[in-house]
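Taking it in order: structure first as structure tokens, then the write-up.
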DNA sequence: TTGTAAGCGTTATCAT
DNA sequence: ATGATAACGCTTACAA
């Protein structure tokens, strides 16, 4: 291995003790004479000394690293959330590392373990398989990305998904649709259950016929959308509108509809949720419900910083639901 | 802070020395009796002991972490490369953390420093502003993602971009295009220069007229494509075909062309490079040149593992150019 | 097969 | 204002 200089080497050259060097490095300069500071800085420069944060962490029990755990880094939704997180964390002096969970139960648990073993200072996670208890067990300050019904301890930040779904449905109903299908992205999260109920209740509450055969469980990506849409379009009585759990699913559906010769929106309307960049690219461009991804990231980062610095009362769960916004584009219209 | 159990606690409960515990943890079980192993494992379980990799790293000078540094995590190109990297690194027992450089000079240097300070075992980087020398100075085994003309020491893995560009151009010329513009994604990499020359040489070599006013420098994202395309469409003599440095730029261009009332490809052909998922979603779907992103990641990971384990001769640069493949979709046709 | 003890590079405590 | 010294939790010769 490389033989890097340590503070001891620096101390030797500067003619001081390593304690003094440490003080300079940590900007704990109050009690060091300007003269000495200069000499130490010079020595550091001269040697090309690099602070060893491993050793520092061992001593201080802090790493200044927070881990961002998301299920699918290929979904353009997350990078925007990440940006909000990073901007805030940068300010606060933390580095953000990503963990790509791949919708994979084992990976999710593995990374929780890795987070413990590497002693990260905080966790931001969009949990799919792990329970709130498992997260809490890490003893690491954590904030949940997304609203998880069963969770009642950890802070959570997400968009107001039920409201988003209701708004989208109300819009489609206003257009005159009665046969509305749901491509329900599912992944064994409790939330997929509640989102299904949320969908069905909408109709029940308005005395509209509930067609639960129009709820199709699909994977949470474009392929899921493709498969689900294929299924819907083979039904003897097809829906006149389709709403998907996210834009990727909707875009997959849109592509299948196109390639099977259906005209969107004339033959069938399609809506997404999220408003990722690609939603504005398809033709017709995708009608959707915009989530303020950057804002979600920023709030989550703030919550976590509060928790890490114990700036907020323990045991009091904070929940933030960022409002969504209907975005009407070309993929929806009144039924034929 | 939390009071986590250490190997000393485990040792006490198991009635052995911490050395023995360490041996069990590191599967250095050859010299420990089955009986003892069982007792230690039990104690670990009982205490919920978690290995402290900080302390371990300090002692061994290895972190088993490799840092992946990319300019823009919102470009769907990188997640697919990352997947190739992760799959290989997982096998080899390394964790991959991402650093998002944001096309930002300072950030790029900062993260190089963070990589040194956190003592990561390896670096995979798509360098934009930093020099090869700066990377080498870290003393950390590193592999470059992308082919950088000036670099002659570090291993590099990328697609054969010049070939990709030539193939795309040849295709457009075969279609009969003579007025071909280039939306050149630029970011002060030397490579943007050489890619420009590569473009111009293509015409020179074939005795075709070279119109260097058709080379427009743009930012490396969709907005760059939008701005560049706007510029091109305001020219008195417009190009009949446009090729972009990557799909994001091309998609931005496509969108602008659409919204300005041009029919693609009838009025103007547009080509991208990369073949990201969104390229197949636009209508017309984007003709492009596919790069095997997963493969790039996998090869890069292999190179890095070789370097980290010193399995390959020092000082011998390895370069791998993954071949590209023309993908013809709907955004290109012969000129009007 | 197991244990003792030194040391990795810091920071924190207590003197001076 | 500066320094000596003891941790932090682990791995690794070396001894037994």
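The values are calculated or read from the model by the stated rules, or taken from the named source; none is laboratory data. This one's a predicted model, so the numbers in the text were calculated from it and none came from an experiment. Cβ coordinates were reconstructed from backbone atoms using ideal geometry, including for glycine residues, and neighbour counts include every protein chain displayed.
Got a number for residues in region B:1-13 being away from chain A (no Cβ under 14 Å) and either more than 18 Å from residue B:55 (Cβ to Cβ) or within 10 Å of DNA strand D (Cβ to nearest atom) (or both)?
Here is the first cut: in region B:1-13, the residues away from chain A (no Cβ under 14 Å) are B:8-13.
Still in the list and also either more than 18 Å from residue B:55 (Cβ to Cβ) or within 10 Å of DNA strand D (Cβ to nearest atom) (or both): B:8-11, B:13.
Within region B:1-13, residues that are away from chain A (no Cβ under 14 Å) and either more than 18 Å from residue B:55 (Cβ to Cβ) or within 10 Å of DNA strand D (Cβ to nearest atom) (or both) number 5.
Does residue B:68 fit the bill of being more than 22 Å from residue B:126 (Cα to Cα), within 11 Å of chain A (Cβ to nearest Cβ) and either under 16 Å from the mean Cα position of the chain (by Cα) or surrounded by 14 or more Cβ atoms within 10 Å (Cβ to Cβ) (or both)? Judged against the criteria, residue B:68 is not a match. Against the numbered list (1) over 27 Å from residue A:54 (Cβ atoms); (2) within 14 Å of another protein chain (Cβ to nearest Cβ), residue B:30 comes up short only at (2).
Inside region B:61-80, residues that are in a loop (DSSP other than H, G, I, E, B), free of Cβ contacts under 8 Å to residues at least 60 places away in the same chain and over 22 Å from residue B:129 (Cβ atoms) make up a count of 4. The strands (runs of 3 or more DSSP E) found wholly in region B:211-320 and carrying at least 3 residues that are surrounded by 24 or more Cβ atoms within 10 Å (Cβ to Cβ) occupy B:241-244, B:269-271.
Going through region A:33-60 one residue at a time, which ones are over 30 Å from residue B:51 (Cα atoms) and in a loop (DSSP other than H, G, I, E, B)?
Quick first cut of region A:33-60, residues over 30 Å from residue B:51 (Cα atoms) only: A:33-48.
A:33, A:48 - these are the residues of region A:33-60 that are over 30 Å from residue B:51 (Cα atoms) and in a loop (DSSP other than H, G, I, E, B).
Tell me, yes or no, whether region B:140-151 has at least one residue that is outside any loop (DSSP other than H, G, I, E, B), farther than 27 Å from residue B:88 by Cα and out of contact with any helix residue (DSSP H, G or I) (no Cβ under 7 Å at 6 or more places or on another chain). No: zero hits. Looking only at residues that are surrounded by 13 or more Cβ atoms within 10 Å (Cβ to Cβ) and not in a loop (DSSP other than H, G, I, E, B) in region A:23-32, which one is nearest to DNA strand D (Cβ to nearest atom)? Ranking the qualifying residues of region A:23-32, first place goes to A:23.
Rundown of residues vs (1) out of contact with any strand residue (DSSP E or B) (no Cβ under 6 Å at 6 or more places or on another chain); (2) at pLDDT below 95, yes/no style:
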residue: A:232; (1), (2): no, no
residue: A:237; (1), (2): yes, yes
residue: A:245; (1), (2): no, yes
residue: A:270; (1), (2): no, no
residue: A:279; (1), (2): no, yes
residue: A:282; (1), (2): yes, yes
residue: A:289; (1), (2): no, no
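Within region A:58-73, if we keep just the residues that are farther than 30 Å from residue B:276 by Cα and touching a strand residue (DSSP E or B) at 6+ places or on another chain (Cβ under 9 Å), the residue that is farthest from DNA strand C (Cβ to nearest atom) turns out to be A:65. Mind checking whether some residue in region B:146-157 is under 18 Å from the mean Cα position of the chain (by Cα), at pLDDT 90 or above, at positive phi and buried (at least 16 other Cβ atoms within 10 Å of the Cβ)? Scanning region B:146-157 turns up at least one residue that is under 18 Å from the mean Cα position of the chain (by Cα), at pLDDT 90 or above, at positive phi and buried (at least 16 other Cβ atoms within 10 Å of the Cβ). The combined condition, being surrounded by 19 or more Cβ atoms within 10 Å (Cβ to Cβ), over 37 Å from the mean Cα position of the chain (by Cα), within 14 Å of chain A (Cβ to nearest Cβ) and within 9 Å of DNA strand D (Cβ to nearest atom), is not fulfilled by residue B:44.
Any residue at all in region A:14-22 that's without any contact (Cβ under 8 Å) to a residue 60 or more places away in the chain, loosely packed, with under 12 Cβ neighbours inside 10 Å and closer than 23 Å to residue B:53 by Cα?
Here is the first cut: in region A:14-22, the residues without any contact (Cβ under 8 Å) to a residue 60 or more places away in the chain are A:14-22.
From what is left, the residues that are loosely packed, with under 12 Cβ neighbours inside 10 Å are A:15, A:19.
Now narrow it down to the ones that are closer than 23 Å to residue B:53 by Cα: none.
There is no residue in region A:14-22 that is without any contact (Cβ under 8 Å) to a residue 60 or more places away in the chain, loosely packed, with under 12 Cβ neighbours inside 10 Å and closer than 23 Å to residue B:53 by Cα.
Out of B:278, B:336, which single residue is touching a helix residue (DSSP H, G or I) at 6+ places or on another chain (Cβ under 6 Å) and touching a residue at least 60 places away in the same chain (Cβ under 8 Å)?
Details: B:336 fails: touching a helix residue (DSSP H, G or I) at 6+ places or on another chain (Cβ under 6 Å).
That would be B:278, the only listed residue that is touching a helix residue (DSSP H, G or I) at 6+ places or on another chain (Cβ under 6 Å) and touching a residue at least 60 places away in the same chain (Cβ under 8 Å).
Scanning region A:71-83 for residues that are at the interface with chain B (Cβ under 9 Å from one of its Cβ atoms), under 8 Å from the mean Cα position of the chain (by Cα) and farther than 20 Å from residue B:111 by Cα turns up just one, A:78.
Can you say whether residue B:57 is more than 8 Å from chain A (Cβ to nearest Cβ) and within 26 Å of residue B:305 (Cα to Cα), as far as the supplied structure shows? Here the answer is no, as residue B:57 does not meet what is asked. Exactly one residue among A:50, A:86 is at the interface with chain B (Cβ under 7 Å from one of its Cβ atoms) and touching a helix residue (DSSP H, G or I) at 6+ places or on another chain (Cβ under 6 Å), and that residue is A:50.
Of the residues A:53, A:57, only one is closer than 22 Å to residue B:121 by Cα, touching a residue at least 60 places away in the same chain (Cβ under 8 Å) and either more than 16 Å from DNA strand D (Cβ to nearest atom) or buried (at least 19 other Cβ atoms within 10 Å of the Cβ) (or both); which? It would help to see each step written out before you state the result.
Numbers: A:53 fails: touching a residue at least 60 places away in the same chain (Cβ under 8 Å).
Selected residue: A:57, the only one of A:53, A:57 that is closer than 22 Å to residue B:121 by Cα, touching a residue at least 60 places away in the same chain (Cβ under 8 Å) and either more than 16 Å from DNA strand D (Cβ to nearest atom) or buried (at least 19 other Cβ atoms within 10 Å of the Cβ) (or both).
Annotation note: of A:166, A:195, the sole residue that is modelled with pLDDT of 90 or more, in the same structural domain as residue A:262 (by TED's automatic domain parsing) and over 29 Å from residue B:280 (Cα atoms) is A:166.
Screening residue A:50 against (1) closer than 13 Å to residue A:118 by Cβ; (2) within 16 Å of DNA strand C (Cβ to nearest atom) leaves a single unmet condition, (1).
Yes/no per residue for (1) over 22 Å from the mean Cα position of the chain (by Cα); (2) more than 26 Å from residue A:74 (Cβ to Cβ); (3) part of a loop (DSSP other than H, G, I, E, B):
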residue: A:165; (1), (2), (3): no, no, no
residue: A:181; (1), (2), (3): yes, no, no
residue: A:187; (1), (2), (3): no, no, yes
residue: A:197; (1), (2), (3): yes, yes, no
residue: A:202; (1), (2), (3): yes, yes, no
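Scanning region B:93-110 for residues that are more than 13 Å from chain A (Cβ to nearest Cβ) and surrounded by 15 or more Cβ atoms within 10 Å (Cβ to Cβ) returns a single hit, B:108. Comparison of A:141, A:127 shows that the only residue that is within 12 Å of another protein chain (Cβ to nearest Cβ) and crowded, with 17+ Cβ neighbours inside 10 Å is A:141.
Identify all residues within region B:22-36 that are within 42 Å of the chain's Cα centre (by Cα) and within 8 Å of DNA strand C (Cβ to nearest atom); write none if there are none. Let's see the steps before the verdict.
Just the residues of region B:22-36 that are within 42 Å of the chain's Cα centre (by Cα), to begin with: B:22-30.
Selection gives B:22, B:23, B:30.
Using the structure shown, decide if residue A:172 is at pLDDT 90 or above, assigned to a helix (DSSP H, G or I) and either under 30 Å from residue B:5 (Cβ atoms) or touching a strand residue (DSSP E or B) at 6+ places or on another chain (Cβ under 9 Å) (or both).
Yes.
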